[in-house]
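Notes follow once the structure below has been shown.
Only the coordinates and a few stated rules stand behind these numbers; no lab work does. Keep in mind the model is a prediction, meaning the values are calculated, not measured. In this analysis, Cβ positions are derived from the backbone assuming ideal geometry, glycine residues included, and neighbour counts consider all displayed protein chains.
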Amino acid sequence: MCGIAGIINHQASEEKSLLIKMSEFLRHRGPDASGTYAQGPASLAHTRLSIIDLNSGDQPIHNENKTIWIVFNGEIFNYPELKNQLLAKGHKFYTKTDTEVIIHLYEEFGTQLFDHLNGQFAFAIWDQNTEELLLGRDRMGIRPLFYCHNHHRLVFASEIKAIFADNTIPRQIDPANLSDIFTCWATLGDQTCFKNIFQIPPGHYARFSKKGLKIKQYWQLPFGKKIYQERSVEDWREELNQLLLDATRIRLRADVPVGAYLSGGIDSTYTSALVKNNFNNKLCTFSVGFSDKQFDESYFQKKAVDYLGTDHKTISCSYNDIGKIFPKV
């Protein structure tokens, strides 16, 4: 994961020291590198965990004439195919990253770029030409993206703590939304457990300009569509297997080693088996065991590791471990 943050202020320039402070609150998300962009109304920051293009992929990243800038957290799994299409259209690239692909997609398709992305992402694109910010979040909301909006000014970040680096933003718990977290494990819609701090909902994007903030949904699960066909269970099984195989394959695109979390459950065991049997015979896996037997799945993890023969690492977590780390979290 990486960390992104920024401030758009259409009435005054922001102090760069605040941008740096926001970035420092996200250092744990991106320990490998950091970068900032500040010009006119826009200030952007990025902390990087390097996965693709280790040498020239530091952010923010820009287009050919440096009028459009992006900070990005996530991975675009189909970026090689997209890059080839964009090269054919005349776009020029100065990095090998998936990040730069997004900025050229924006030049080519505007907000329709989301139709082309296969990935998990949260990003901010600043367009100097229109003085407009585009915030986007992936279809299922895998990558986080929070913001605080006050008329002419918008502050955003991967984590709320970075937004609270700005001491002018009030900190006030919202009891109803906090209750949702304890009940549903998450707040609903665009809400957070803090008043006046919101999140871009999954499958949505936001545009912020001098005219204000507009949020639009670009995708939703196709509930209600009649897609059932008279096919055998064997046919459905084969199609599902091929889809999972392709999804696993494109997630292995990286310039660093890729490992797999093995919980001991069906999902992680199956995806680990797909990698081990089809792509990577030296797969590294890792898991967490718990001292509380009510939550511990070490028995099933060991069965999976013994069967798959992966290079496995495990850690054990106790209530004392949770208590020690809780204040930092």
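Calculated [222 nm] ellipticity per residue, helices only, for the chain: -8500 deg cm²/dmol; basis is -39500 (n - 2.57) per DSSP H run with n ≥ 4, divided by all residues, nearest 500. Put a dot 7 Å past the Cα of Thr183, heading toward its Cβ, do the same for Met140, and the two dots end up 2.5 nm apart.
Looking at the chain, identify the longest residue range that excludes and avoids all chymotrypsin sites (Phe, Trp or Tyr not before Pro) in DSSP loops having at most 11 other Cβ atoms within 10 Å. With a cap of 11 other Cβ atoms within 10 Å, the longest stretch comes to 1-93. Short-range pairs are left out: with C-alpha atoms under 8 Å and at least six residues apart, the relative contact order of the range 233-325 is 26 percent.
Listed cross-link partners Lys276/Lys303; Lys66/Lys96; Lys21/Lys83; Lys293/Lys313 are compared with a 23 Å cut-off, the Cα-Cα value being larger for Lys21/Lys83. Taken one residue at a time, the phi angles of the range 199-206 give Karplus couplings (6.51, -1.76, 1.60, θ = phi - 60°) of 10, 5, x, x, x, 10, 9, 10 Hz. Gly and Pro are set to x.
For a label point 7 angstrom out from the Cα of Lys66 toward its Cβ, which stretches of the range 94-113 have the backbone nitrogen within less than 15 Å? Backbone N within reach: 94. Mean sequence separation of contacting Cα pairs (under 8 Å, at least six apart), scaled by the length of the chain, corresponds to a relative contact order of 13 percent. Computed over the range 3-217, the P(r) tail beyond 31 angstrom holds 15 percent of alpha carbon pairs. Enclosing the Cα atoms of the range 100-190 in their convex hull gives a volume equal to 132 cubic angstrom per residue.
In plain terms, the chain from Leu245 to Asp32 could stretch by 73.6 nm, reckoned as 0.36 nm per residue minus the Cα-Cα distance.
In the range 233-325, the convex hull through the Cα atoms has an average projected area of 7.7 nm², a quarter of its surface area.
Please give the net charge around Gln191, taking every other residue with its beta carbon less than 11 angstrom from that of Gln191, where Lys and Arg add +1 and Asp and Glu add -1. So the environment of Gln191 carries a net charge of -2.
Centre-to-centre separation between the Cα atoms of the range 46-88 and those of the range 159-183: 31 Å. Counting every alpha-carbon pair across the range 1-79, the share separated by more than 14 Å comes to 61%.
The mean sequence separation of alpha-carbon pairs under 8 Å and at least six residues apart, normalised by the residue count of the range 59-126, gives a relative contact order of 48 percent. Taking other residues whose beta carbon is less than 9 angstrom from the beta carbon of Leu54, and scoring Lys, Arg as +1 and Asp, Glu as -1, yields -3. Length available on full extension from Val329 to Lys303: 0.36 nm per residue minus the Cα-Cα distance, which gives 6.2 nm. Go ahead and collect, in residue order, the members of the range 302-320 whose backbone nitrogen is under 14 Å from a label point 7 Å along the Cα-Cβ direction of Ile266. Those under the cut-off are none; the list is empty.
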